[in-house]
Amino acid sequence: MSRTSPQPAGKDAEAAAGRRGFSRRSLFTAAGTGGLGLAAGVLAGSSLAGAREAQAASDAVAFHGAHQAGITTPAQDRMHMAAFDVTTTDRDELTAMLREWTAAIEAMAAGREIGAGGATAGDYEAPPEDTGEASDLSASHLTVTVGFGRTLFEQEGRDRFGLAARRPAALIELPHFPGDALEESRSGGDIIVQACADDPQVAVHAVRNLARIAFGRARVRWSQIGFGRTSSTSSAQTTPRNLFGFKDGTANLKSEDAEALAGHVWVSGAQGGEAWMNGGSYLVARRIRMHIETWDRTSLREQEAVIGRTKREGSPLSGGKEFTAPDFALQGSDGPLVPADSHVALAHPSRNGGVQMLRRGFNYTDGSDSLGRLDAGLFFIAFVSDPRTHYVPMQATMARRDALAEYLRHTGSGLFAVPPGVPEGGYLGQGLFEA
């Protein structure tokens, strides 16, 4: 018969058990002596953790692929976009940051905490590797899309990181359009990060942690939180409404239309120093403040004439249902039923050489200004294969002729080159830095 060590009694026994933790034997002993509830609790906790992991997996969007997630991914409900200015002058430090971002995004997209220690299991005397506010939440279909601004390649004549020769010709400086009231603090940036999710805390957590990782190498230049998608990117999604109360993005490109995406969204055929952009896209971001109070005092008749669609159904004023093609030639007693200066008429592909773009915008509200007016509107996001042909001409026309322009003010602007997706073992922008 084996000898056993004397067992402490009373409070000493409790303390000893706490130091040792529960062994398999102590768990079943507890169950047999009135500790059944404890055993059940432990098992339930294990089941809960398993269920949470399963939920995270079911809500996860694959990070690796030919294209970055967050472009053709079905548009989520929340967005946090941030532009970063790179502060380091060391190319190796920049690529190291992008490698760390890649690992962090991969973990967050899968619903996991960042790093081996996460929010609570790391060195007790060091800052946690994850800030922790999303630890109990699912992945919530999080996608994080990263792109590069023109100033990352060259700024004030300086080739900052030896990348100037690889700047794509399409990565232009967007022109100043009529009516623009751009604020420098809301425009531009070396790197863009678009985090979208169905839970706002998950999206904010993503940007917060990337900013934390970037410390000493890059800093946030501007950021914007958005809610309520203003476009559908899948035929399975209904058309949402913008803050003017109208359905927005009825004619938007859909992820199921591979041929249209190939022609209007994805870069292909790039050669030489630009070849790293094949499979990528260009992101246009515009912060558009809506004159909400003025719009709210406008008659329904005028609102519909400005948009070119009915407010209730979203159908074109020329008749039919929401997805009926507008008939711009159909005349009424006062001229075309769809006014020539309406938003629909000027934005329609038939009026823009067949050009289309994939829109992924969001509503935003940033409180009220000093005059008590609501600072709210549309944070316009679009992905195009070439902004020179797929965005600039249309925006120039709309800025001059669109009746809706009276109710809008563009306060922020940016254009970014979004590289293709990341293969297993790779990192964001690898093709640019290692071409």
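Within region 74-120, work out how many residues are under 30 Å from L253 (Cα atoms) and not in a helix (DSSP H, G or I).
So the count comes out to 13.
Please pick out the residue among V267, V207 that is within 26 Å of T95 (Cβ to Cβ), outside any helix (DSSP H, G or I), in contact (Cβ under 8 Å) with a residue 24 or more places away in the chain and among the β-branched types (V, I, T).
The conditions single out V267.
Quick test of your reading of the structure: D327 fulfils all but one of (1) part of a strand (DSSP E or B); (2) surrounded by fewer than 21 Cβ atoms within 10 Å (Cβ to Cβ). Name the failing condition by number.
(1)
With the requirement that a residue be not in a loop (DSSP other than H, G, I, E, B) and not aliphatic (A, V, I, L, M), what does region 143-181 give you?
If the condition is that a residue be not in a loop (DSSP other than H, G, I, E, B) and not aliphatic (A, V, I, L, M), then T143, T145, G147, F148, G149, R150, T151, F153, Q155, R158, R166 are the ones that fit.
Do the conditions hold for R160, that is, is it touching a residue at least 60 places away in the same chain (Cβ under 8 Å), farther than 23 Å from G279 by Cα, crowded, with 17+ Cβ neighbours inside 10 Å and basic (K, R)?
Yes, satisfied.
Look through E100, E125, E133 and report the one residue that is surrounded by fewer than 16 Cβ atoms within 10 Å (Cβ to Cβ), touching a helix residue (DSSP H, G or I) at 6+ places or on another chain (Cβ under 6 Å) and not aliphatic (A, V, I, L, M).
E133
Restricting attention to region 233-263, which residues are without any contact (Cβ under 8 Å) to a residue 40 or more places away in the chain and assigned to a helix (DSSP H, G or I)?
Residues satisfying the conditions are A258, E259, A262.
Hey, does region 177-189 have a residue that's touching a Pro at 6+ places or on another chain (Cβ under 9 Å) and in contact (Cβ under 8 Å) with a residue 60 or more places away in the chain?
no
Could you check region 294-319 and list, in sequence order, the residues that are in contact with a strand residue (DSSP E or B) (Cβ under 7 Å, 6 or more places away or on another chain) and among the acidic types (D, E)?
none
Quick one: which of A435, A396, A405 is aliphatic (A, V, I, L, M) and either assigned to a loop (DSSP other than H, G, I, E, B) or within 18 Å of the chain's Cα centre (by Cα) (or both)?
It is A435.
Tell me which of these I114 doesn't satisfy, since it passes every other one: (1) closer than 25 Å to F383 by Cβ; (2) of a type in the set (A, V, I, L, M, F, W, C); (3) surrounded by 23 or more Cβ atoms within 10 Å (Cβ to Cβ).
So the condition that I114 fails would be (1).
Per-residue answers, yes or no, for (1) surrounded by fewer than 19 Cβ atoms within 10 Å (Cβ to Cβ); (2) in the same structural domain as V207 (by TED's automatic domain parsing); (3) in contact with a Phe, Trp or Tyr (Cβ under 8 Å, 6 or more places away or on another chain); (4) among the hydrophobic types (A, V, I, L, M, F, W, C):
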site: R150; (1), (2), (3), (4): no, yes, no, no
site: P175; (1), (2), (3), (4): yes, yes, no, no
site: A181; (1), (2), (3), (4): yes, yes, no, yes
site: Q194; (1), (2), (3), (4): no, yes, no, no
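Could you look through region 356-373, keep only residues that are part of a strand (DSSP E or B) and out of contact with any Gly (no Cβ under 7 Å at 6 or more places or on another chain), and pick out the one that is surrounded by the most Cβ atoms within 10 Å (Cβ to Cβ)?
Across region 356-373, the extreme among qualifying residues is L358.
Looking at (1) closer than 28 Å to S187 by Cβ; (2) touching an Asp or Glu at 6+ places or on another chain (Cβ under 9 Å), which is the one condition that is false for H176?
(2)
The values are calculated or read from the model by the stated rules, or taken from the named source; none is laboratory data. All figures in this text were calculated on a predicted structure; none of them were measured in a lab. Using ideal geometry, Cβ is built from the backbone for each residue, glycine included, and neighbour counts are taken over all protein chains shown.
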